[in-house]
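This report concerns only the one structure given below.
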Amino acid sequence: MTTSPLASAPFAWGSIPPSDAGFAPDLDERLDKAIADKSAWGLHGVVVTRKGKLVLERYFTGEDEVWGAPRGRVVFSPDTLHDLRSVTKSILGLLYGIALDLGKVPAPDQTLIAQFPEYAHAATDPRLQRLTVAHALTMTLGFDWNEDIPYQDPSNSEIQMERAPDRLRYIFSRPFISDPGTRWIYGAAGTELIGQLLVKGTDQSLPDFARANLFDPLGIGPTEWTKGFNGQPAPASGLRMTPRDLARIGQLILNRGQWDGRQIVSTDWLAKSSQPYVPCDEQRRYGYFWYSGDLQYGQRPNRPLAHWVGGFGYGGQRLFVMPDLEIVVAITCGNYADEKQWMPPIRVIRDVVLAGLR
């Protein structure tokens, strides 16, 4: 468990009734109804804040796991750590921006293979020489990479990378199926490369750099970072954190990178992180390890759109930040290997949080 004796006192979320935050007073009941109707299942934790105040906080009991290892039935509470899975990628993106401002890592426009010269001849395809750091940050490397199959399947590309004797050689040896920058292909290749650049540039482990430069300044409590098959903290999916502390990451984004009068992440990096560089599908776009999109809300015929920026993780882990509405929603779930795992979080957002706005 990673914490620091020099960490500031944990930030205490103040709570206000939903009606004082512009919501219907029955926000709790709306969540209960979604669960009773089985439109939202497998929930472990739901934290909703508005303007820096807790509006809704609920925890449940359910089966859980740590990076695929069963934990059994867990009674969740505000202090229970939870896998963030690929929300880790989004937090990794913030860490890269911090390291860039410190002059520790190459800028997004820098050639990627130049940072790993020992792999310059891993492939004969000339497109390898055209890859930039930005292509890793936006998952537009163009490599043949398949994480659409279960992670229990040994042919899953992330699992193959994990088991490879040299994971960087495995990445750079992948054949291209599109030109760099032209197509979003989900996968851990980009985060593995960015994680390596962070460790090399800062001369610190990911947990140590995160603790000193992001977690401690935000007053985030204990965290864990699960190690991959190579014994190193997994940059793609290893972070464990409480939903309250995950919401704090969202509040930092609402604060335009500032916390307690200090600029933790530059506003320029946050703007680049949420810029829609490439479409993921009809609803989502992708920036520097952060998704973005729009959702309708309200009761009027011409309903407005709520713009959101978010981190998505396997099993239903979610962080939604809605800057225009000053809302943060952190959700943890246990719907691992459920082919409909995406449904409960979006229904909480759509049918509870946005539908509850007044």
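What are the residues in the stretch 148-166 that are closer than 24 Å to Pro126 by Cβ and either within 22 Å of the chain's Cα centre (by Cα) or outside the structural domain of Glu192 (by TED's automatic domain parsing) (or both), if any? It would help to see each step written out before you state the result.
The initial filter retains those residues of the stretch 148-166 that are closer than 24 Å to Pro126 by Cβ, namely 157, 161, 164, 166.
Scanning the stretch 148-166 gives Ser157, Met161.
Yes/no matrix, rows are residues, columns are (1) in the same structural domain as Thr80 (by TED's automatic domain parsing); (2) among the polar types (S, T, N, Q); (3) surrounded by fewer than 22 Cβ atoms within 10 Å (Cβ to Cβ); (4) farther than 23 Å from Asp166 by Cα:
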site: Ala210; (1), (2), (3), (4): no, no, no, yes
site: Leu214; (1), (2), (3), (4): no, no, yes, yes
site: Thr223; (1), (2), (3), (4): yes, yes, yes, yes
site: Ala234; (1), (2), (3), (4): no, no, no, no
site: Pro243; (1), (2), (3), (4): yes, no, no, yes
site: Leu246; (1), (2), (3), (4): yes, no, no, yes
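Here is a yes/no grid of residues against (1) farther than 21 Å from Asp37 by Cα; (2) in contact with a Gly (Cβ under 6 Å, 6 or more places away or on another chain); (3) surrounded by 22 or more Cβ atoms within 10 Å (Cβ to Cβ):
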residue	(1), (2), (3)
Arg256	yes, no, no
Gly261	yes, no, no
Gly293	yes, no, no
Arg300	yes, no, no
Ile327	yes, no, yes
Glu339	no, no, no
Pro345	no, yes, yes
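Residue pairs, Cβ under 8 Å, 6 or more apart or interchain, first in the stretch 168-183 and aromatic (Phe, Trp, Tyr), second in a loop (DSSP other than H, G, I, E, B). List them.
That search, which allows pairs on different chains as well, returns Tyr170/Ala164; Phe172/Phe116; Phe172/Ala122; Phe172/Ala123; Phe176/Asp125; Phe176/Gly142; Phe176/Asp144.
Could you grab me the full set of residues in the stretch 167-190 that are among the hydroxyl-bearing types (Ser, Thr, Tyr) and closer than 18 Å to Thr124 by Cα?
Step one: of the stretch 167-190, the residues among the hydroxyl-bearing types (Ser, Thr, Tyr) are 170, 173, 178, 182, 186.
Across the stretch 167-190, the qualifying residues are Tyr170, Ser173, Ser178.
Restricting to the stretch 215-233, give me the number of residues that are in a strand (DSSP E or B) and out of contact with any helix residue (DSSP H, G or I) (no Cβ under 9 Å at 6 or more places or on another chain).
1
Specify which of the listed residues (Ala212, Ala236) is part of a helix (DSSP H, G or I) and in contact (Cβ under 8 Å) with a residue 12 or more places away in the chain. Give the derivation first.
Values: Ala236 fails: part of a helix (DSSP H, G or I).
Exactly one residue qualifies, and that residue is Ala212.
Would you check which residues across the stretch 16-65 are hydrophobic (A, V, I, L, M, F, W, C) and over 30 Å from Gly257 (Cα atoms) and list them?
Narrowing the stretch 16-65 to residues hydrophobic (A, V, I, L, M, F, W, C): 16, 21, 23-24, 27, 31, 34-36, 40-41, 43, 46-48, 54-56, 60.
Selection gives Leu31, Ala34, Ile35, Ala36, Ala40, Trp41, Phe60.
Going by the structure shown, is Gly93 closer than 26 Å to Phe289 by Cα, surrounded by fewer than 15 Cβ atoms within 10 Å (Cβ to Cβ) and in contact with a helix residue (DSSP H, G or I) (Cβ under 9 Å, 6 or more places away or on another chain)? Steps first, please.
Numbers: closer than 26 Å to Phe289 by Cα: yes; surrounded by fewer than 15 Cβ atoms within 10 Å (Cβ to Cβ): no; in contact with a helix residue (DSSP H, G or I) (Cβ under 9 Å, 6 or more places away or on another chain): yes.
When the stated conditions are applied, Gly93 does not pass them.
Checking the structure you have, find out if any residue of the stretch 109-121 is at pLDDT 95 or above and closer than 19 Å to Asp268 by Cα. Can you show your working first?
Here is the first cut: in the stretch 109-121, the residues at pLDDT 95 or above are 109-119.
Those left that are additionally closer than 19 Å to Asp268 by Cα: 109-110.
Yes.
Any chance the stretch 24-39 includes a residue that's within 30 Å of Ser205 (Cβ to Cβ) and modelled with pLDDT of 95 or more? Quick ask: steps written out before the conclusion?
Quick first cut of the stretch 24-39, residues within 30 Å of Ser205 (Cβ to Cβ) only: none.
Looking through the stretch 24-39, none of the residues is within 30 Å of Ser205 (Cβ to Cβ) and modelled with pLDDT of 95 or more.
Looking at Thr61, is it in contact with a Phe, Trp or Tyr (Cβ under 8 Å, 6 or more places away or on another chain) and either exposed (fewer than 15 other Cβ atoms within 10 Å of the Cβ) or of a type in the set (Ser, Thr, Tyr) (or both)? Spell out the reasoning first.
Values: in contact with a Phe, Trp or Tyr (Cβ under 8 Å, 6 or more places away or on another chain): yes; either exposed (fewer than 15 other Cβ atoms within 10 Å of the Cβ) or of a type in the set (Ser, Thr, Tyr) (or both): yes.
Answer is yes for this residue.
Going through the stretch 84-137 one residue at a time, which ones are closer than 20 Å to Phe172 by Cα and of a type in the set (Lys, Arg)?
Residues satisfying the conditions are Lys89, Arg127, Arg130.
The values are calculated or read from the model by the stated rules, or taken from the named source; none is laboratory data. On a predicted model such as this, the values are computed, not experimentally measured, just so you know. Because the Cβ atoms are built from the backbone with ideal geometry, glycine has one as well, and the counts that use them run over all protein chains shown.
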